[in-house]
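Student: Supplied in structure tokens, the structure appears directly below.
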Amino acid sequence: MAAEIAVWYPELVSKLILSNSAGIRVKGSPIGDMFAMNPQEVLAACFDDFTAALPLMPAEMNSDYLVKMYKERTALASLAWNPSFDPKLARRLQSITCPTLIIWGENDRLIPAIYGPTFQSLIPHSQLVMLAGTGHMPMFEKAEAWAQPILDFLQQEVRA
Amino acid sequence: MNKLTFHYFHLMPWPDLPPDFDENYDSAWVTLPNSNYDPVKGHQLYNRYLDEIERADKLGWDSVIVNEHHQNAYGTMPSPNLMAAALTQRVKRAKIGIVGNALPLHDDPLRVAEEIAMLDVLSGGRIISGFVRGTGMEYFSYNINPTLSRERMNEAHDLIIQAWTRPGPFAFEGEHYNYRYVNIWPRPIQQPHPPIWMPGTASLETIDFAAKHKYPYMTVFMPMDQRKRAYELYRRLAEEKYGYEAQPEQLAFCVPCVIAETDELAMQEGEKYAMWLFRKGMKVRPEFFLPPGYMSERSIRAAIENNASFGQGEKSFKELVETGVVIAGSPDTVIEKLSYYTEVLHAGMLVTGGHVGEIPDYLVLKSQEMMAKEVMPHFREKAVSAEPKPVEVPSSSI
């Protein structure tokens, strides 16, 4: 989503950070079918350390919560059922001119690690940080290791 | 008029699942490896099923019915119209139902309009055309966006009805389907078009759609309380929203019927064979059954609160019979249970049959004959007596 905004509204984006993000396709390395996964499988695809997922767990698994989850999945499906990527995004990424940081948990089983270097090769002058020992949700699993390169990146001065 | 019409419904299942299916496979749909399908055996099975359907015609069923399912062992008819075409050459009296074509799965619904028109012409106007959305599983198998299911259904329906009824050529301008020239050859025989049925399992919107168009609504494999709610809703919508009284010919019920000489034997045979449907054929990952956006918010809430699933959970055969998902018993018991539909629910179309699981063909034949010879006559209009009656003639005139 952030990459799309950077492509279409470059004036709104001074720096771009992509963390384990969707949007493109790497043939032969499909993104996991989240719609076919049960909640345990989604967790297993996204996390190495399940305890890191605790803040995301509902206090109570009632029908209101299940309906809300269904609606969230519906919103995602309306965007990304088929295709599960934007066929034109890969080509449009070359127009991005703002500084870009790509940061990826190496053990991501939802959007495989190869998507990180692929984004980097498509976005001019982008930097890539691969994080070891974490998957799709490094912001929960390795919060400091994830935040540090982002802080450094945001503090760098934009060259005119 | 007949109190109940009889419709012989076949899924053409693939009964031959791996021995470790229960332990090691979580779905008979979408992901069950197709190495489990043996095409040579499939050839025999298709022909056995066609023989069975041909017998139903000869025994007096009002129609025979096939349907569309993809990439699964529950029903091996990805193209039901092909099977209906084969049936036009074997079934010479009964109507032939395709209940139904899964409209949203197809990017070109004009093809459905054409094929049904072809079948109607080929069969001499005997086609019943069911329209369905397809199960949730099929949105995975065909990679069709389930959030668009309802819109595509409604638009494809409108296109097909127009293709059958409006003089062509005309243009159809939709959100999902666009045609500059709609002008199908052939056109259907039946006027204004072949009858349309709508089966449903849980969506309230489908009941509304059927009631609005006065299409028969068919409840499929559900407990009696759920069927009652569905019929009540249909009836209420018909009366209050659309201003007419729903007739028995608008309320169909798809119920597996296990019939045998005694209640006890029927329970045994059902336990042994019919359970295949619920334990194996309908075994589906919950995620495949309810893909996101396939249901509206109010329908998904109702489905969650009723703990809806494609199968019937862990219910035993006895529980399935007690809750009215299945009918089992001697001819008298079956008559009694069907009478509840006709007398209390005022539902007038029974959809049942055919082979499930590993049932041997002689038992299928037995059940077909019992239904035809001992159950059907009970619900048929009594023929007007043709015996000569005495005529009074005054003696004086002789």
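Student: Among the residues of the stretch B:279-295, which ones are touching a helix residue (DSSP H, G or I) at 6+ places or on another chain (Cβ under 9 Å) and within 10 Å of chain A (Cβ to nearest Cβ)?
Tutor: Across the stretch B:279-295, the qualifying residues are B:R285, B:E287, B:F288, B:L290, B:P291, B:P292, B:G293, B:Y294, B:M295.
Condition check ((1) within 24 Å of B:F278 (Cα to Cα); (2) out of contact with any strand residue (DSSP E or B) (no Cβ under 7 Å at 6 or more places or on another chain)) across all residues:
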position	(1), (2)
B:V321	yes, no
B:D332	no, yes
B:M349	yes, no
B:K366	yes, yes
B:P388	no, yes
B:V391	no, yes
B:S396	no, yes
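Student: When you go through (1) within 14 Å of chain A (Cβ to nearest Cβ); (2) under 20 Å from the mean Cα position of the chain (by Cα); (3) among the small types (G, A, S); (4) not in a loop (DSSP other than H, G, I, E, B) one by one for B:A303, which number turns out not to apply?
Tutor: (2)
Student: Name every residue in the stretch B:329-378 that is over 22 Å from B:A230 (Cβ atoms) and outside any helix (DSSP H, G or I), in order of residue number.
Tutor: B:G329, B:S330, B:G354, B:H355, B:V356, B:G357, B:E358, B:I359, B:P360
Student: Would you pick out the residues in the stretch B:128-143 that are touching a strand residue (DSSP E or B) at 6+ places or on another chain (Cβ under 9 Å), of a type outside the set (D, E, K, R) and not in a helix (DSSP H, G or I)?
Tutor: Selection gives B:I128, B:S129, B:G130, B:F131, B:V132, B:G134, B:T135, B:Y142.
Student: Taking the residues in the stretch B:306-324 that are in contact with a Gly (Cβ under 9 Å, 6 or more places away or on another chain) and at pLDDT below 95 as candidates, determine which candidate is farthest from the other protein chains (Cβ to nearest Cβ).
Tutor: Here the residue is B:G311.
Student: Moving on. So, B:E264, is that one among the charged types (D, E, K, R), farther than 15 Å from B:H346 by Cα and surrounded by fewer than 16 Cβ atoms within 10 Å (Cβ to Cβ) or not?
Tutor: For B:E264, the condition - among the charged types (D, E, K, R), farther than 15 Å from B:H346 by Cα and surrounded by fewer than 16 Cβ atoms within 10 Å (Cβ to Cβ) - is met.
Student: How about the stretch B:227-248: which of its residues are exposed (fewer than 15 other Cβ atoms within 10 Å of the Cβ) and either part of a helix (DSSP H, G or I) or among the charged types (D, E, K, R) (or both)?
Tutor: Scanning the stretch B:227-248 gives B:E232, B:R236, B:E239, B:E240, B:K241, B:E245.
Student: Working only within the stretch A:30-84, note down all residues that are in a helix (DSSP H, G or I), more than 8 Å from chain B (Cβ to nearest Cβ), of a type in the set (A, V, I, L, M, F, W, C) and under 18 Å from B:I304 (Cα atoms).
Tutor: A:M69 - this is the single residue of the stretch A:30-84 that is in a helix (DSSP H, G or I), more than 8 Å from chain B (Cβ to nearest Cβ), of a type in the set (A, V, I, L, M, F, W, C) and under 18 Å from B:I304 (Cα atoms).
Student: Please pick out the residue among A:L128, A:L110 that is in a loop (DSSP other than H, G, I, E, B) and either farther than 24 Å from B:G293 by Cβ or in contact (Cβ under 8 Å) with a residue 12 or more places away in the chain (or both).
Tutor: Numbers: A:L128 fails: in a loop (DSSP other than H, G, I, E, B).
Step by step, each of A:L128, A:L110 is checked, and only A:L110 is in a loop (DSSP other than H, G, I, E, B) and either farther than 24 Å from B:G293 by Cβ or in contact (Cβ under 8 Å) with a residue 12 or more places away in the chain (or both).
Student: Looking at the stretch A:14-61 only, could you name the residues that are surrounded by 13 or more Cβ atoms within 10 Å (Cβ to Cβ), in contact (Cβ under 8 Å) with a residue 24 or more places away in the chain and more than 16 Å from A:I111 (Cβ to Cβ)?
Tutor: A:K15, A:L16, A:D49, A:A52, A:A53
Student: If you take the residues of the stretch B:291-329 that are of a type in the set (F, W, Y) and in contact (Cβ under 8 Å) with a residue 60 or more places away in the chain, which of them is surrounded by the fewest Cβ atoms within 10 Å (Cβ to Cβ)?
Tutor: Ranking the candidates gives B:F310 first.
This table checks each residue for (1) farther than 30 Å from B:R285 by Cβ; (2) among the basic types (K, R); (3) within 14 Å of chain A (Cβ to nearest Cβ); (4) more than 22 Å from the chain's Cα centre (by Cα).
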| position | (1), (2), (3), (4) |
| --- | --- |
| B:V326 | no, no, no, no |
| B:T333 | yes, no, no, yes |
| B:L345 | yes, no, no, no |
| B:L350 | yes, no, no, no |
| B:G354 | no, no, no, no |
| B:R380 | yes, yes, no, no |
| B:P394 | yes, no, no, yes |
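Student: Across the stretch B:23-51, what is the number of residues that are touching a helix residue (DSSP H, G or I) at 6+ places or on another chain (Cβ under 8 Å), assigned to a helix (DSSP H, G or I) and either buried (at least 17 other Cβ atoms within 10 Å of the Cβ) or at pLDDT below 95 (or both)?
Tutor: The number of residues fulfilling the criteria is 1.
Student: Just to check your reading of the model, which residue among A:A90, A:A132, A:A143, A:A147 is loosely packed, with under 12 Cβ neighbours inside 10 Å, over 27 Å from B:E287 (Cβ atoms), under 19 Å from the mean Cα position of the chain (by Cα) and among the small types (G, A, S)?
Tutor: Just a single option satisfies the conditions, and that option is A:A132.
The values are calculated or read from the model by the stated rules, or taken from the named source; none is laboratory data. What you see is a predicted model; the values in this text were computed from it and never measured. Here Cβ is always computed from backbone atoms with ideal geometry, including for glycine, and neighbour counts include all displayed protein chains.
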